[in-house]
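Take a look at the structure set out below.
The values are calculated or read from the model by the stated rules, or taken from the named source; none is laboratory data. It should be emphasised that the depicted structure is a prediction, and the values quoted were computed from it without experimental measurement. Here the Cβ is made from the backbone with ideal geometry for all residues, glycine too, and neighbour counts use every protein chain on show. Calculation scope for accessible area: heavy atoms of the full protein, side chains included, ligands and nucleic acids excluded. Shrake-Rupley method; radii C 1.70, N 1.55, O 1.52, S 1.80 Å.
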Amino acid sequence: MLIHLICAARPNFMKIAPLYHALRKEPWARPVIVHTGQHYDLNMSDAFFVDLGLPPPDFNLGVRNGSHAEQTGRVMMAYEKLLLEQRPDLVVVAGDVNSTMAATVAASKLGVRVAHLEAGLRSFDRSMPEEINRLVTDVLADILWTPSPDADENLLREGIAPEKIKRVGNIMIDSLEMLRKKIEGHAAYRNFGLTPGSYGIVTFHRPSNVDNPEVLRQLCEILRAIAGIVPLVFPVHPRTRKQMAECSLLPLMEDTDNLFMPEPLGYATFMNLVFNCAFVITDSGGIQEETSYLGIPCLTVRENTERPVTITLGTNRLCNLDELRNRAAEIRGNHERKPSRIDLWDGHTADRIVGHLNELRTK
Ligand code: UD1
């Protein structure tokens, strides 16, 4: 079975890696990695391949950045050509980035079966580009692998046939467990002169937080104020750095005491910082899940989340900018870890997917 594993942007790599490794062990499976090139910097892409033990991609579509329509269109055009040459038996897409939707549309139109890994998540907020990507991908995919019961319910409510839905759990936790030794072997906090439990981690890259200069300015002021209470490590996403530079906020931020702003970090280094931090402030999707699994308090600066189990069963809390400073000050003193038990978030999701594919293949 020739299986294309599509990856594109940073959050895809840790979803594809465990599945690639599990499929490689199966005599019937021929996994091929297709990188669309949406993320291309060494520290946004290549470093993850090295950390996660992935070989270089078999194909790189070299699409890079552009407007949403340009990026999506370019992936569709480039991937259609590859699909016609290769005719895979299955295309696996992960998450909710533009390339996920683009590869799904290109494959579906050629009658190639598509499986969506991390299907069914919904923020119910169509101003988020990812929500559009999730809706389009899920309506077209032939197999929907979900991480949690809320995702199953969303799909059923949207009229997706129940036999297409298979709950497999959260594959990000597979990567975390696969690399646990490597993660724990680092002491990345030392690079910033910090000790375990004494600092917070910050990540921001959502358009809703960084594209509007006024919002970004307010966010930067709050982060500077929090750094006055507790040290912060803020690996800065390229989109965010660009916006800060355009708004002339970068020098001020870089000159702030106890606010460390490295370039984006590799998976194991970043996770080591998370393992050892007191709390996280973020607008990422995956980090809400990782912190819940590890029992680390997480403040998500968004109005909604497509990952509600991280709130109902985990350590995640939504937070607006006005509340952020006080909420961060409150949680920094609370070091008690309460790892969340969420069904099927156990490091064995890739095995369940392989089992499911084997079942479908031999039916
Ligand atoms: C994309 C995804 C988002 C995901 C995020 C993780 C979409 C719609 N968005 O957002 O869901 O959470 O990835 O990072 O697919 N850039 C670089 N180097 C890189 C990658 C990006 O400089 O390696 C720059 C681009 O040139 C562009 C900006 O960062 O100016 C944004 O990149 P893009 O891939 O369009 O979206 P993200 O904000 O990264």
For the chain, with +1 on Lys and Arg beta carbons and -1 on Asp and Glu, the positive-most of L324, P56, S148 along the dipole: P56
Of K15/K338; K15/K109; K25/K164; K166/K338; K15/K81; K15/K166, pairs whose Cα-Cα distance is over 22 Å: K15/K338; K15/K109; K25/K164; K166/K338; K15/K81
Under-5 Å amide H pairs with R167, H placed in peptide plane, nonlocal only: T146
1.4 Å probe accessible area per residue over the chain, in Å²: 41 Å²
Cα centre as origin, Lys/Arg/Asp/Glu Cβ charges: the stretch 152-196 dipole, Debye: 260 debye
Cα centre as origin, Lys/Arg/Asp/Glu Cβ charges: the chain dipole, Debye: 580 debye
Nonlocal amide H pairs with V202, under 5 Å, H built at 1.01 Å: V233, F234, I281
Two-site FRET efficiency, E221 against T195, from Cβ-Cβ distance with R₀ of 30 Å, rounded to 0.05: 0.65
Accessible surface, 1.4 Å probe, highest first, among residues R325, R224, R241: R325, R224, R241
The chain: antiparallel DSSP beta bridges as a percent of all, rounded to 5: 0 percent
Peptide ranges 54-61, 286-293, 355-362 listed from the most packed, as the mean C-beta count within 10 angstrom indicates: 286-293, 54-61, 355-362
Projected label distance in nm at R157 and D257, using a 7 Å step from Cα toward the beta-carbon: 4.9 nm
Helical contribution to [θ] at 222 nm, DSSP H n ≥ 4, -39,500 (n - 2.57), averaged over the chain, rounded to 500: -13500 deg cm²/dmol
Long-range HN-HN contacts of V114 with modeled amide H, under 5 Å: V91, D142, I143
Rounded if a/c under 1.5, otherwise prolate or oblate - the stretch 84-143, Cα gyration tensor axes: prolate
Cα gyration tensor category, rounded, prolate or oblate, for the stretch 143-282 with a/c compared to 1.5: oblate
Cβ-placed point charges (K, R +1; D, E -1), dipole of the stretch 1-152 about Cα centre in debye, nearest 20: 340 debye
Surface share of carbon and sulfur [accessible, 1.4 angstrom probe, percent] for the chain: 50 percent
Per-residue HN-Hα couplings for the stretch 301-317 [Karplus 6.51, -1.76, 1.60; θ = phi - 60°; Hz; x = Gly/Pro]: 8, 8, 7, 8, 9, 7, 10, x, 5, 5, 8, 5, 10, x, 9, 8, 9
M101 accessible area, assembled protein chains, probe 1.4 Å, Å²: 30 Å²
Tensor-based shape of the chain (alpha-carbon gyration tensor, a/c under 1.5 rounded, otherwise prolate or oblate): prolate
